[in-house]
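Q: Just passing along the structure, written as structure tokens.
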Amino acid sequence: MTGARQLPERDYLALKAETRALVKRCGGQEAAAASTRVSHQALSRYGALEDAPNFAPIDVVADLEAEIGEPVVSRALAGLLGFTLVKVEAGAQLTPAQRFARVMKETHEVNAAFADALSDGAIDEAERRAITREARDAIGELERLIVALNLDAPQ
């Protein structure tokens, strides 16, 4: 039985490419297989373009991403759905007030980068990348503020 797919074929191919990149970052198929429940042959199939119906199971992706500490496939999947991922810091937690101060600092850096870029009336590629980087930093701090607020909330 064949079901309808929700995304364009290029998106599924992109997920396979990210799966290959994840396996490579784990040290290749043999090394990656040692970090999860499937064989190196299965990992090969998950990244193979000619094996279209085979994708890595979510627990395998979780194992491999945990191995390298980076959400390679998860980030790509989130992007396909219009989302971004933000790392939440582990270890010592800052208070909500400290987090808010960081949000304000990062927001100021976005404003400064944008104002600097507009000083000549146009935003070039390097300026676009700088603004994007600063905006992502600010978004990350906003997400961490939300976590700090929820950790600080009465149970």
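Q: Kindly indicate which of L22, L7 is under 21 Å from the mean Cα position of the chain (by Cα) and part of a helix (DSSP H, G or I).
A: Working: L7 fails: part of a helix (DSSP H, G or I).
L22 is the lone residue from the list that is under 21 Å from the mean Cα position of the chain (by Cα) and part of a helix (DSSP H, G or I).
Q: Could I ask something else about it? Could you grab the pairs with beta carbons closer than 8 Å, sequence gap of 6+ or different chains, first residue in the range 111-140 and on the phi < 0 side of the Ramachandran plot, second one among the aromatic types (F, W, Y)?
A: I131/F114
Q: Go through (1) under 25 Å from E65 (Cβ atoms); (2) over 22 Å from the mean Cα position of the chain (by Cα) one by one and return the number of the condition E143 breaks.
A: E143 satisfies all of (1) under 25 Å from E65 (Cβ atoms); (2) over 22 Å from the mean Cα position of the chain (by Cα) except (2).
Q: So which residues in the range 57-87 are among the acidic types (D, E) and out of contact with any helix residue (DSSP H, G or I) (no Cβ under 9 Å at 6 or more places or on another chain), if there are any at all? If you could, list the steps in order and put the result at the bottom.
A: Kept after step one, since they are among the acidic types (D, E), are these residues of the range 57-87: 59, 63, 65, 67, 70.
Within the range 57-87, D59 is the sole residue that qualifies.
Q: Please specify each residue of the range 29-41 satisfying the condition of being closer than 19 Å to S74 by Cα and either hydroxyl-bearing (S, T, Y) or out of contact with any Leu (no Cβ under 9 Å at 6 or more places or on another chain) (or both).
A: Those that are closer than 19 Å to S74 by Cα and either hydroxyl-bearing (S, T, Y) or out of contact with any Leu (no Cβ under 9 Å at 6 or more places or on another chain) (or both): S35, T36, R37, V38.
Q: Next question, about the same structure. Scan the range 31-51 residue by residue and report those that are assigned to a helix (DSSP H, G or I) and not charged (D, E, K, R). Outline the logic, then answer.
A: Restricting attention to the range 31-51, the residues satisfying the condition of being assigned to a helix (DSSP H, G or I) are 31-33, 40-47.
Across the range 31-51, the qualifying residues are A31, A32, A33, H40, Q41, A42, L43, S44, Y46, G47.
Q: Only one residue in A62, A56 is in a helix (DSSP H, G or I) and without any contact (Cβ under 8 Å) to a residue 60 or more places away in the chain. Which one? Please lay out each step first, then the result.
A: On the way: A56 fails: in a helix (DSSP H, G or I).
Only one candidate passes the filter, namely A62.
Since every read-out is calculated from the coordinates, none of them should be taken as a lab result. Predicted model, so just to flag it, every value in this text is computed and none were measured. Here the Cβ is made from the backbone with ideal geometry for all residues, glycine too, and neighbour counts use every protein chain on show.
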